[in-house]
1. Name the residues in the range 322-361 that are in a loop (DSSP other than H, G, I, E, B) and buried (at least 24 other Cβ atoms within 10 Å of the Cβ), would you?
2. Could you list, in sequence order, the residues of the range 213-241 that are buried (at least 16 other Cβ atoms within 10 Å of the Cβ) and farther than 28 Å from Gly352 by Cα?
3. For the range 261-270, what are the residues that are outside any strand (DSSP E or B) and crowded, with 16+ Cβ neighbours inside 10 Å?
4. Answer yes if at least one residue in the range 283-298 is touching a Cys at 6+ places or on another chain (Cβ under 8 Å), in contact (Cβ under 8 Å) with a residue 60 or more places away in the chain and either of a type in the set (S, T, N, Q) or part of a helix (DSSP H, G or I) (or both), and no otherwise.
5. For the subset of the range 244-260 comprising residues that are in contact with a strand residue (DSSP E or B) (Cβ under 7 Å, 6 or more places away or on another chain) and surrounded by fewer than 20 Cβ atoms within 10 Å (Cβ to Cβ), which member is farthest from Val132 (Cα to Cα)?
6. Residues to consider are Gln192, Gln175; find the one that is surrounded by 15 or more Cβ atoms within 10 Å (Cβ to Cβ) and farther than 30 Å from Asp227 by Cα.
7. Only one of these conditions is not met by Arg303: (1) exposed (fewer than 15 other Cβ atoms within 10 Å of the Cβ); (2) assigned to a loop (DSSP other than H, G, I, E, B). Which number is it?
8. Pull out all pairs, ordered by first then second residue, where Cβ-Cβ is under 8 Å, the residues are six or more apart or on different chains, the first lies in the range 110-121 and is touching a residue at least 40 places away in the same chain (Cβ under 8 Å), and the second is among the aromatic types (Phe, Trp, Tyr).
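The values are calculated or read from the model by the stated rules, or taken from the named source; none is laboratory data. The structure presented is a predicted model; accordingly, all values stated were derived computationally and were not measured. Neighbour counts run over all protein chains shown; Cβ positions are idealised from the backbone, glycine included.
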Amino acid sequence: MSGNSFGLLYCVTSFGESHGPAYGGVVDGCPPGMALAAADIQRELDRRKPGSSRHVTQRRETDAIEILSGVYEGKTTGTAIGFLIRNEDQRSKDYSAIAEKFRPGHADYTYTQKYGFRDARGGGRASARETVIRVAAGAIAKKWLGERYGVKVRGYLAQLGRTPIPFQSWDAVDQNPFFAPNAAVVAQLEKQVDELRESGDSCGARVNVVASGVPVGWGEPVYGRLDADIAGAMMGINAVKGVEIGAGFGAIAQKGSEHGDEMTPKGFASNNNGGVLGGISSGQDITVSIALKPTSSIRLPRRTIDRRGKPTTVETTGRHDPCVGIRATPIAEAMLACVLMDHALRHRAQCGDVEPPVSFR
């Protein structure tokens, strides 16, 4: 299977399956000399890990990271950073009843058609558990971006099912299991998810991510556009079905006089373009929004076919998130951080000594 790596200068490779012994990752391209310890990465992994509240899958994983290479005496060496995260709570028997059936909305059918057979244990390589590697890689990128350029990458849950969540404060985001930026709506979200779980159904979500402090100039004007790479990275997250940058689809209803971000000597008057102009960062906040589909693994009976093409029904038991968007915020942050670090390194390689002729006062 190809397609296990992403990024050019900051390249991330992952391996492993949901119910195999472990997931592993290799980060290539991190510059040398940055202080890095397992604790720096573990903080981000703990935000994503399962079993953190009653509202997500009750699979119990510590997600403890083991750094195997690329760090010496507490600092990155510039060589490949290899790490391992062991699976500790596999229950493959949960999937024995559906091994011969294709779950609607899952990759079961497409995997089988492509490879001839599939790992039915929790989706195998298609499992969202693979994102643990992306979050680890994103933690390294976040640290380097913050220390080198002052870039800060943060995200939050903006909508759960049909319930929009008004943004109130960044302080609230890590104070609740939903990454909701508004403490007043948490009780309503809890009730909504409890009802979903009891009914055996699921819902979708919207997650917003913002990168502040991004310098002007990252990205390429044609094939290496920053916004294109961000969109591709976000679409590569399990269950993501839509990506907006800046005004996104809202731009359809705007006029040119509304959408175009006017400039003054002190800066831009608006940010409808989401911090990217012509594929290159403008120095404004990078704003991204992703839409995640409802969890496909639900207890309700669904029509499908088996491996012989015969009609049947399937009910997915086991431990599943009633809304995959609840734990998606750290994943979306990680993917944005990885893309930004890749472009920071690419810009530094080609244009590191360029002196811009003009800048905002």
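1. Residues of the range 322-361 that are in a loop (DSSP other than H, G, I, E, B), as a first pass: 322-323, 328, 352-361.
Within the range 322-361, Pro322, Cys323, Ala328 meet the criteria.
2. Passing the criteria: Ile237, Asn238, Ala239, Val240.
3. Going through the range 261-270, the residues outside any strand (DSSP E or B) turn out to be 261-262, 265-266, 269-270.
Asp261 - this is the single residue of the range 261-270 that is outside any strand (DSSP E or B) and crowded, with 16+ Cβ neighbours inside 10 Å.
4. yes
5. Applying the first criterion (in contact with a strand residue (DSSP E or B) (Cβ under 7 Å, 6 or more places away or on another chain)) to the range 244-260 yields 244-246, 248.
In the following step, the residues that additionally are surrounded by fewer than 20 Cβ atoms within 10 Å (Cβ to Cβ) were identified as 244, 248.
Working: Glu244: 24, Gly248: 28 Å.
Going through the qualifying residues, I end up with Gly248.
6. Numbers: Gln175 fails: surrounded by 15 or more Cβ atoms within 10 Å (Cβ to Cβ).
From the options Gln192, Gln175, the qualifying one is Gln192.
7. (2)
8. Cβ pairs passing all conditions: Thr112/Phe102; Arg121/Tyr95.
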